[in-house]
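> The following block contains the structure, expressed as C-alpha cells.
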Amino acid sequence: MDYIKAFLVGGVICLIAQLLMDGTKFTPAHILVSFVTSGVILTAIGIYEPIIKFAGAGASVPLLGFGYSLAKGAAEGVDKSGIIGIFSGGITATAGGVAAAIFFGYIMAVIFNPKTKK
C-alpha cells in the first residue's frame, strides 16, 4: 500500500507540473522555482508534513520535497544555532541531495553527449 500512496501523490505532483507546462507560458525554470517555493510555504503552514507522512518518497523526492527539506532544515538550524541557522540549516539538510545531483549529472554528461535544445 505504501507504494501505491507514493505513486499516487508523486503522480499528482507530476500531473500538476505537466498541466502548468502545457497550459501556461511557464518555462521549466518557473515551475522549478514555484514548486520549491511552494514546498517551503506548505511546510511553514503545516500542510506538507502530513503529506510526507502519508506518501513517503512520493512526496519527498519531487521538487516540493526539496522545499520541504530546506524549510525543515532551516527550522532545525534555528533551534540549534540561533538566527544563523536560518542560512546554514537548509543548506546542511539538502547538501547530500545537491551533491548527488551534481555528481550523477556529471557522470551522465560524460557517458552521453548532451546537446542544447534548438
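The values are calculated or read from the model by the stated rules, or taken from the named source; none is laboratory data. A quick note: this is a predicted structure, and the numbers were derived from the prediction, not measured. Note: accessible area is taken over every heavy atom of the protein model, side chains too, but ligands, DNA and RNA are not part of it. Shrake-Rupley method; radii C 1.70, N 1.55, O 1.52, S 1.80 Å.
> Which percent of the accessible area of the chain is formed by carbon and sulfur heavy atoms (probe 1.4 angstrom)?
Looking at the chain in its full context, I get 74 percent from C and S.
> By its C-alpha gyration tensor, with a ≥ b ≥ c as the square roots of the eigenvalues, how is the chain shaped: rounded for a/c under 1.5, else prolate for a/b larger than b/c, else oblate?
Oblate, because a/c is 1.5 or more while a/b does not exceed b/c.
> So between TYR3 and ALA101, what do we pick up on full extension, going 0.36 nm a residue minus the alpha carbon distance?
32.9 nm
> Right, next: Using just the Cα positions, wrap the stretch 38-107 in a convex hull and report its mean projected area in square nanometres, one decimal place.
Average of the hull's projected areas for the stretch 38-107 equals 4.9 nm².
> Based on the alpha carbons, how large is the Rg to Rh ratio for the stretch 2-63 when Rh follows Kirkwood?
A ratio of 0.99.
> Right, another one. Pop out the ³J(HN,Hα) list for the stretch 67-83 in order, Karplus 6.51 cos²θ - 1.76 cosθ + 1.60 with θ = phi - 60°, rounded to Hz; leave Gly and Pro as x.
Values per residue, Gly and Pro as x: x, 4, 4, 4, 5, 5, x, 5, 5, 5, x, 5, 4, 8, 10, x, 4 Hz.
> For the stretch 32-45, just list the computed ³J(HN,Hα) in residue order, Karplus coefficients 6.51, -1.76 and 1.60, θ = phi - 60°, integers in Hz, with x standing in for Gly and Pro.
With the stated coefficients, the stretch 32-45 comes to 4, 5, 4, 5, 5, 5, 4, x, 5, 5, 5, 5, 4, 8 Hz.
> Can you give me the accessible area per residue for the chain, using a 1.4 Å probe, in Å²?
Ligands and nucleic acids excluded, the result is 71 Å² per residue.
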